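Just below is one structure, and these are the notes that go with it.
The values are calculated or read from the model by the stated rules, or taken from the named source; none is laboratory data. Note that this is a predicted model, so its numbers are computed, not measured. Every residue, glycine among them, receives a Cβ derived from its backbone with ideal geometry; neighbour counts consider all protein chains shown. Each accessible area value is taken on the protein alone, full model and side chains, heavy atoms only, with ligands, DNA and RNA left out. Shrake-Rupley method; radii C 1.70, N 1.55, O 1.52, S 1.80 Å.
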Amino acid sequence: QVQLVESGGGLVHPGGSLRLSCLASGIILSTYDVGWYRQAPGNERELVASVTSGGRINYADSLKGRFTISRDNGRNTVYLQMNSLKPEDTAVYYCKANKYVLGPVTFWGQGTQVTVSS
């Protein structure tokens, strides 16, 4: 069974840090493009950061270099390191894995809540 499980969310004060993990089972995550998305209440789901199977990384401009995406292929995991967190970062964060094999294949995790509040 294919599963993506996000973890690492929680409550943090402004300026704090969190590291989110996306652990995959049933797929070899390194063969997928992986994106971190977030969705705050009333907002569209937006792409935060992505890393392709070839290692190409992109970030949302609004993050201003505060977030870092990385892979640990041995652990079948993709991380999102979040530093200097702001209240505006409060959202549910989702992991998505996708690739094209015959047709598009996409998997989503269940999401993990990140709350930045003093």
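The residue that is most open to solvent (accessible area, probe 1.4 Å), among those in region 83-118 that are under 20 Å from Arg71 (Cα atoms) and not in a strand (DSSP E or B), is Gln110.
Taken as a whole, the structure places Ser53 among residues that are modelled with pLDDT of 95 or more, surrounded by 15 or more Cβ atoms within 10 Å (Cβ to Cβ) and either closer than 20 Å to Leu4 by Cα or polar (S, T, N, Q) (or both). A single member of Val34, Val48, Val78 is within 20 Å of Ser117 (Cβ to Cβ), open to solvent by less than 30 Å² (accessible area, probe 1.4 Å) and β-branched (Val, Ile, Thr), and it is Val48. Could we say that Leu29 is touching a Gly at 6+ places or on another chain (Cβ under 8 Å), open to solvent by less than 30 Å² (accessible area, probe 1.4 Å) and either farther than 18 Å from Thr106 by Cβ or in contact (Cβ under 8 Å) with a residue 60 or more places away in the chain (or both) here? So Leu29 fails the test. Selection of region 4-26 for residues being in a strand (DSSP E or B), in contact with a strand residue (DSSP E or B) (Cβ under 6 Å, 6 or more places away or on another chain) and touching a residue at least 60 places away in the same chain (Cβ under 8 Å) yields Leu4, Val5, Glu6, Ser7, Leu11, Val12, Leu18, Arg19, Leu20, Cys22, Ala24. Looking across region 56-75, just one residue is open to solvent by less than 50 Å² (accessible area, probe 1.4 Å) and part of a helix (DSSP H, G or I), and that is Leu63.
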